[in-house]
Each structure stands twice: as C-alpha cells, then as structure tokens.
1. Highest GNM mean-square fluctuation, the chain, Cα pairs closer than 10 Å: which of 251, 288, 179?
2. Counting DSSP beta bridges in region 5-121, what percent are antiparallel, to the nearest 5?
3. Would you please put 324-335, 98-109, 256-267 in order of how densely packed they are, using the mean number of other Cβ atoms within 10 angstrom per residue and starting with the highest?
4. In the chain, what % of DSSP beta bridges are antiparallel (nearest 5)?
5. On C-alpha positions alone, give me the angle between the axis of helix 252-261 and the longest principal axis of the chain, in degrees, nearest 10.
6. Take each of the peptides 294-306, 150-162, 56-68, 209-221, average the number of other beta-carbon atoms within 10 Å over its residues, and list them starting from the highest.
7. Kindly express, to the nearest 10 degrees and within the range 0 to 90, the angle between helix 332-345's C-alpha long axis and the longest C-alpha principal axis of the chain.
8. Between 0 and 90 degrees, rounded to the nearest ten: what's the tilt of helix 3-29 against the longest Cα principal axis of the chain?
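Each value in this text was obtained by applying a stated rule to the coordinates, not by laboratory testing. Computed from a predicted structure; not experimentally measured. Cβ placement follows ideal geometry from the backbone for every residue including glycine, while neighbour counts extend to all protein chains displayed.
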C-alpha cells in the first residue's frame, strides 16, 4: 500500500472514529436534555431557555410548571413547592408569545401525565396579538430540538457551541460544582437595580395625544382567537390540571404611557375581553394584580416600566396560595370597574412635576 493511500485511509478512519465519539459524547452528556433526563452523577448548567426548556418539560420529573415571559423568571420553584406541595420546574420564555408558551405546554402534557398545576403569566400587551404570533425568526430558532426528526439532530450533535456546553457540564462535575437549580434558572434580580432613579432614567415620556382609541370588532375577534387557541383550549382538554394564571402588576409608568398614547381605555377594554373568556373555565384560576396600587405606584419595586423585583414574585405566590386577588364570574366585573376608575382618573402628570 502506497503512502498516499494509507494516509487517506487513516484520515477517513480517524474522522469516522472522531464523529462516532462526538455522537456518543453528545448522546450521553446531552447538555440540553434532548434525549434523556439528567443523570444524577453529572452536573448541569441551566441557562439557555429556548434550547433547554423543551428537554426539561420532556424528560424531567415534575408535577407543576412555572412558565410565561420575563414576568415569571424571578419566581422560585422552592417557594411554589412549599406553598402548594408540588414538585415544579421553571420554563420561562423571555418575550415569548402566547403561542410559544402554549406550544411548550402542549408538549409537556403529551410527555407528562402527572402534571397537576401550571402557573403562567398573562402579559397584558400580548393579549391582542394574533394567535399564531411568534417572538422569533424561525431560521434562528432551534426547531430541531422540538421535533422527533433524528436526521436534523445533526444540528444538535455537531454544534460547536453545544459541544462546549457539554464540556462545561463535565468540568462542573470534575470540580464538584452544584448543578443549576430552578430557583436560579433565568433569574436576573441580582444583576439589576430596582429604584425610581433607574426607571426614570429609562422612561421617555411621549407627548400627550388628544385621542381616545377604541377597540374594534376585528381586534376583539383577535383577542378571542388568541385566548381560545393558546390558553383555554388546553385547559379544557385537561380538566384535572389547575391553571394558575395572573395579570402582572406593571408599574404606573406603563399606564402613563398608554394614557399619553390615547390607548388607555382601549387597553383596559382588551383586559376585559380576555377576562370574560378566562373566568368561564372552571380549572383556570385567574389572579389579577392590577389593583395592587401600593406596588404599582412605588417605582422602587421596578428596574424598568414593567419588570418588578423578586419580592413581588414571592408576594404573588403567597397571595395565590391564600386565594387573594382571585377573579371569578361573580367578582370580575367589580374588579374591572375599580381598575378602570383608578387608571382612567389617575393624575399622571403629578408623577413628573419634580422631574
């Protein structure tokens, strides 16, 4: 055998062996839990929502889920577990649409028949999105992790960045570091500042518009379709699961911005349209924190117009456990009338008199 032929054979053989070793490594280590549940002997780093959430809800052991947008990222599963006697995972989707969050929940219910509780934020500004809205470009999303197509797993197994993540899990194990936990997964409260000064530095108040925008018939239909497809249908399909939904308490600047735009009344009507639908489902427990005015008007609770501190997340859980702020068929109209009266008549200008 001449040297060139031998070199080619060795090169091809070495390449095949290397590829096989990478496949074995990735299937065993599986940093995004695509193939199996986490091993007890291996330490894992949880940090990449849209790459890891699908594997988490498919393969982890749990009977409760915390999900939603960044409004849920600072929840602590340990608190939920203690308050509701559950074993929960947190799978937040920062900026996620109703459809993205619901699609993940559909997958969860398909893979886990032991789910008894789902805690989910209902973000006000997303209620009137189209039912099929997605918050990402499909080409940039790891859809290969979300299907059962073995062929496109090549994008997972031979992905340099994911291989590095697998190696990092090995290093965590070698160094006897703890795996990430769901209290810390997606949290950001420890790297930001909650203060009025911070919010003021970020909020640019618009000029007041002398208009009052109204909710159109087509927009009402959009709300209906979004809520039905991405919230209520799943709840009706699984009557034994308790869905704990909540309207987050955005800061008073959020409401000021709507008022300046002439969209305040319309926004409140959007909330009313959604509420009418959500309270009709017996296993949906809808909580509204829109009347927590002491929280909402205290900008020291926020890092920006919408995002509140982890203390508010903890308070939300405690109030849910005590059935405070719960909306029902019997009281939701009174609640909506009260918040409309508050926000439509609030003196927003006084917030800026000393600015």
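1. Evaluated over the chain, the most mobile residue of the options is 179.
2. Numbers: 0 of 9 bridges.
Expressed as a percentage, antiparallel bridges in region 5-121 total about 0.
3. Working: 324-335: 14.2, 98-109: 20.3, 256-267: 18.6.
Answer by packing, highest mean first, reads 98-109, 256-267, 324-335.
4. Working: 3 of 22 bridges.
Within the chain, antiparallel bridges account for around 15 percent of the total.
5. So the inclination is approximately 70 degrees.
6. Working: 294-306: 18.4, 150-162: 13.5, 56-68: 21.4, 209-221: 11.2.
Final packing ranking: 56-68, 294-306, 150-162, 209-221.
7. 70
8. With rounding to tens, the tilt is 40 degrees.
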